[in-house]
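The numbers here are math on the coordinates, done by the rules we state, and not lab data. Not measured: the values here are computed from a predicted model. Heads up, the Cβs are rebuilt from the backbone with ideal geometry, glycines too, and the neighbour counts pull from every protein chain shown.
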Amino acid sequence: MSSPPSIASASQKRQKTARAPLREAKAALYREHILAAAEAIFAEQGVDATKMQDIAREVGISLGTLYQSFAGKGELHRAILISRSQQMVETVTQRGVQVLVKPTGVEPILWLIGVQVQFLLDHRDYLRIQLQQGFAWYHATSWPSAEEERLWKQGLEQMRGIFAWGQAQKWFVPGDGTDLAQLMMALQQARLMHWVSAGMVEDAAPVIARIQTDFVRQFCRPSVALTLLSEDGSQLSARALASIAALNG
């Protein structure tokens, strides 16, 4: 005996509802697969030289299927940058929550800078795409989309707060916190551009240490810098490096 129409309809509805999360999960995985493949191709070939056919071929799907997920190369490019930028902001915010609220010294701030730079070095394709765009990280008008600008402003505000706190403790030189944060971004961009141009073969630790040293020399008061730098001022002291390393645990 067949089920009454109302019962059959309710059963089908429940099955459809139960399958919805699975479909959404599959769609999310599918999207991540496309983004990962496109990120690698954009980094290697450059965005301008890449065709949507290249990405579809790498993913193993038809061009039509790719266009069902992304309207074009520009949308795909923006999706990669926004996704990675969100991940970076979340990583820094989650790992450095205490430092962002109330740093206890300069070493924790240097450690947090290391967390951010390590993310960029670990995601070198994302870093290469960022640098390929050729605009200055420190300037708000450089970011092509509203979401990218929002994420940039969030990171800028975090660093502005750190500078304000450090200035109140007399760790950092006087100056507008926003200007100092933007200068820090410019210094990081220059260092990372050099690393990429040199083939990305150098280990992360010395790259991070140089960026941390730049920060101390540029922004710390001389009396504070003396406690953190080597005798000749060319690098962080062994004591400072040990203090920063201890925070990784």
Can you pull out the residues in region 38-88 that are of a type in the set (Asp, Glu) and closer than 18 Å to Ala28 by Cβ? Glu39, Glu75
Picking from Val59, Val47, which residue would you name as being in contact (Cβ under 8 Å) with a residue 60 or more places away in the chain, out of contact with any Lys or Arg (no Cβ under 6 Å at 6 or more places or on another chain) and surrounded by 14 or more Cβ atoms within 10 Å (Cβ to Cβ)? Val47
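Quick one: count up the residues across region 160-198 that are in a helix (DSSP H, G or I) and in contact with a strand residue (DSSP E or B) (Cβ under 7 Å, 6 or more places away or on another chain).
So the count comes out to 2.
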What pairs come out if I take residues in region 199-216 that are outside any helix (DSSP H, G or I) and pair them with residues that are not hydroxyl-bearing (Ser, Thr, Tyr) whose C-beta lies under 7 Å away, six or more apart or interchain? Met200/Arg124; Glu202/Trp195
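Give me the helices (runs of 4 or more DSSP H) completely within region 48-123, filtered to those with at least 2 residues that are within 27 Å of Val216 (Cβ to Cβ) and not aromatic (Phe, Trp, Tyr), ordered by residue number. Talk me through it step by step, then tell me what you get.
Details: elements: 52-59, 63-69, 73-95, 97-101, 106-122.
Where helices (runs of 4 or more DSSP H) fall fully within region 48-123 and carry at least 2 residues being within 27 Å of Val216 (Cβ to Cβ) and not aromatic (Phe, Trp, Tyr), they are 73-95, 97-101, 106-122.
Give Ala190, Ala168, Ala240, Ala198 a once-over and let me know the one that is more than 17 Å from the chain's Cα centre (by Cα) and under 20 Å from Gln133 (Cβ atoms). Explain how you work it out, then say what you get.
On the way: Ala190 fails: more than 17 Å from the chain's Cα centre (by Cα); Ala168 fails: under 20 Å from Gln133 (Cβ atoms); Ala240 fails: under 20 Å from Gln133 (Cβ atoms).
On inspection, the qualifying residue turns out to be Ala198.
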